[in-house]
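*Asks:* Quick one: structure below, then a few questions.
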Amino acid sequence: MRDQMLPNRSAEDLRATDLAHHLHPFTDHTVLRAEGGPRVITDGDGVYLWDTEGRRLLDGMAGLWCVNVGYGRKELSEVARQQMDRLAYYNTFFKTSHEPVIHLAEKLATLTPEGVTNFLFSNSGSEANDTAIRLVRSYWAAMEKPERQVVISREYAYHGSTLAGASLCGLPGMHGIAGLPIAGIAHATGPYAWAAGHDSDDPAYGEEAADALEAKILEIGPGNVAAFIGEPVMGAGGVITPPPGYWARVQEICRKHDILIICDEVICGFGRTGEWFGADRYEIVPDIMCMAKGLSSGYLPISAVGVGKRVADTLRMRPGIFSHGFTYSGHPVAAAVALKNINIIEEEGLVEHVRDIVGPALTRRLGILTGHPLVGQVRGVGAMWALELTSDKATRAPFAPVGSVATRVRNLCFERGLATRAVREGLVFAPPLIITEAQVDELADILASCLDTAAAEL
Ligand code: PXG
């Protein structure tokens with residue numbers, strides 16, 4: 001089958017050609033060249049990937065936190081083919097629509113938290129977050145409070161890589177390009193218990209971490225703040241779980257100062273936390289919620305911004321145009337695939353599978369590693385987990401240079417058949433939601449053996 005699509009070329013040829021012509025995201029190309037080029041992935045099935053050397057990898061990251069239903073779903077390719085044959089493209093501008101986007105919006109309204117019943121579509125999480133910023137600012141302009149412009153994000157947040165998305169990020173590397181962050185974005189201290197010297201289940205810390213948001217609001221002046229944006233659980237920043245009481249207190253603070261809440265569900269949405277959305281898990285009532293990744297399980301690019309009544313009414317009930325949108329907003333093929341993907345999640349009970357099987361299995365198997373000499377903390381929820389490595393469990397000191405041991409463990413994992421990501425001095429896991437208990441065992445066994453090897457090398 002593959003031979004019909006792509007010329008058959010050697011692994012070496014593919015790597016050399018990639019080095020010659022392909023600029024990669026988030027990559028040091030001097031390192032890539034020194035290492036002889038990228039690993040080239042050719043196939044995926046279930047939770048497994050294969051590369052050009054024929055090596056099998058258990059995908060501990062569901063691609064980039066997105067392949068929720070796993071690889072190789074013929075139902076999705078079939079729907080895409082049928083929709084392409086029927087109507088490959090039409091836009092949703094200028095008073096037109098099409099069936100897939102209508103069905104998808106209707107379906108999302110049945111899944112999202114109460115009050116979120118209207119949806120704007122785009123193609124990526126970054127575009128969804130850009131859309132959210134423009135929405136909240138235009139909401140406040142419609143309310144005749146145009147001075148409410150600032151969007152408050154947090155340290156360690158990841159919200160994307162467009163100019164606005166990168167500005168919202170709370171990761172210093174994301175602001176390394178001139179002009180970033182853009183105006184009107186601020187960052188509060190994030191709820192990172194490990195770095196603050198607390199247990200991740202310490203309720204006193206939950207309150208303290210939320211109060212950091214209020215301090216930032218007061219510094220800026222509540223009358224200048226449009227919205228707070230947060231991932232229910234921070235993903236790319238290192239699976240930073242909110243301490244108990246954190247989201248309740250954050251919402252209390254936002255309500256007190258009349259600040260809109262944007263929930264970035266790009267990673268947490270569609271079952272990852274063992275609920276449909278992180279908002280369900282942490283009882284968040286969002287004004288706006290941004291979805292991507294698991295919306296289509298990464299089979300095609302699509303994102304959605306769910307808009308609660310308060311903001312939606314300013315668009316729906318007032319004359320005037322919200323000058324925003326993309327050629328591919330609500331692309332019919334992507335929308336059809338997203339809808340089918342949601343059907344699969346429902347029919348196979350994947351949200352319940354994460355809640356009842358995957359979450360408990362990861363809690364058990366990764367939890368044991370807390371006793372490992374290199375491991376300082378294991379934390380997570382549902383199917384998103386992190387291990388913090390440390391050279392000293394009492395002081396929580398990282399190794400020198402920071403990240404060196406996590407990177408070594410990551411490299412060993414790939415060699416032994418497990419795809420994972422190193423974040424600072426930690427490792428993160430977010431496997432496809434279809435992972436079985438036996439496959440969780442396989443993941444944990446490989447990880448444990450790599451930690452042992454790294455510990456022995458030190
Ligand atoms: N919000 C969140 C919470 C994300 O995790 C985005 C927005 C942006 O989505 P797009 O589709 O524009 O990439 C993300 C993306 C990593 C990694 O290495 C994580 C993401 C993207 C790329 C790499 O962990 N998250």
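Every read-out reported here was derived from the displayed coordinates using simple, explicitly stated rules and does not represent laboratory data. The model shown is predicted, which means the values in this text are computed figures rather than measured ones. Note: ideal-geometry Cβ built from the backbone for every residue, glycine included; neighbour counts use all protein chains shown.
*Asks:* Just to be sure I understand: if I project the alpha-carbon convex hull of the stretch 58-144 onto a plane and average over all orientations, what area do I get in nm²?
*Replies:* It is 8.3 nm².
*Asks:* Nearest 0.05, what FRET efficiency do LYS309 and GLU437 give at R0 = 41 Å with Cβ-Cβ as r?
*Replies:* E(calc), rounded to 0.05, equals 0.50.
*Asks:* Of the cross-linked pairs LYS216/LYS393; LYS95/LYS293; LYS293/LYS340, which ones have a Cα-Cα span greater than 21 Å in the structure shown?
*Replies:* Cα-Cα > 21 Å for LYS216/LYS393; LYS95/LYS293; rest within.
*Asks:* Just to check I understand the Karplus step: with θ = phi - 60° and J = 6.51 cos²θ - 1.76 cosθ + 1.60, what whole-Hz values come out for the stretch 229-241, glycine and proline as x?
*Replies:* 10, x, 7, x, 10, 5, x, 4, x, x, 6, 8, 7
*Asks:* Enumerate the residues in the stretch 124-153 having an amide nitrogen under 15 Å from the point lying 7 Å beyond the Cα of ILE177 toward its Cβ.
*Replies:* Backbone N within reach: 126-127, 130.
*Asks:* Show the residues, 5+ positions off or on another chain, whose built amide H is closer than 5 Å to the amide H of THR42.
*Replies:* For THR42, whose amide H was placed from the backbone, the distant partners under 5 Å are TRP50, ASP51, THR52.
*Asks:* Quote to one decimal, in nm, the extra length available between ALA204 and VAL31 on full extension: 0.36 nm per residue of separation minus the C-alpha distance between them.
*Replies:* In short, 57.9 nm is gained.
*Asks:* Shifting gears a bit: If you plug each phi of the stretch 409-420 into the Karplus form 6.51 cos²θ - 1.76 cosθ + 1.60 with θ = phi - 60°, what whole-Hz ³J(HN,Hα) values come out, in order, with x for Gly and Pro?
*Replies:* Ordered by residue, 3J(HN,Hα) equals 5, 4, 5, 4, 4, 4, 4, 9, x, 9, 8, 9 Hz.
*Asks:* Please provide three numbers in whole Å: the alpha-carbon extents of the stretch 76-347 along the principal axes, with the largest listed first.
*Replies:* 56, 41, 38
*Asks:* How far, in nm, would the chain grow between ASN343 and ASP45 when pulled straight, counting 0.36 nm per residue and subtracting the alpha carbon separation?
*Replies:* Between ASN343 and ASP45, full extension yields 105.4 nm more.
*Asks:* For the stretch 76-347, give the share of DSSP beta bridges that are antiparallel, in percent and rounded to the nearest 5; count only bridges with both residues there.
*Replies:* In the stretch 76-347, DSSP labels about 45 percent of beta bridges as antiparallel.
*Asks:* Please enumerate, by chain and number, the aspartates and glutamates with C-alpha under 12 Å from the C-alpha of LYS74, excluding those fewer than 8 residues away in the same chain.
*Replies:* Output for LYS74: ASP45.
*Asks:* Now for a separate question. With the crude spin-label approximation of a point 7 Å out along Cα→Cβ, what separation in nm comes out for ARG316 versus ARG396?
*Replies:* It works out to 4.4 nm between the two label points.
*Asks:* Also: From the P(r) of the stretch 75-224, could you give the percentage of C-alpha pairs in the tail past 18 Å? Mind dumping the intermediate values first?
*Replies:* On the way: 7976 of 11175 pairs.
Counting every Cα pair in the stretch 75-224, those more than 18 Å apart make up 71 percent.
*Asks:* Would you calculate the separation in nanometres between label points at GLU415 and HIS257, each defined as 7 Å from the Cα along the Cα-to-beta-carbon direction?
*Replies:* 4.9
*Asks:* Something else about it: One-quarter of the Cα convex hull surface for the chain, in nm²?
*Replies:* In nm², the orientation-averaged hull projection of the chain is 22.2.
*Asks:* Around GLY376, which amide H atoms from residues at least 5 apart in sequence, or from another chain, sit under 5 Å from its own amide H, with H modelled in the peptide plane?
*Replies:* Amide H neighbours of GLY376, under 5 Å, 5+ apart: GLU388, LEU389, THR390.
*Asks:* In percent, how large is the relative contact order of the stretch 76-347, given Cα pairs closer than 8 Å and 6 or more residues apart?
*Replies:* 28
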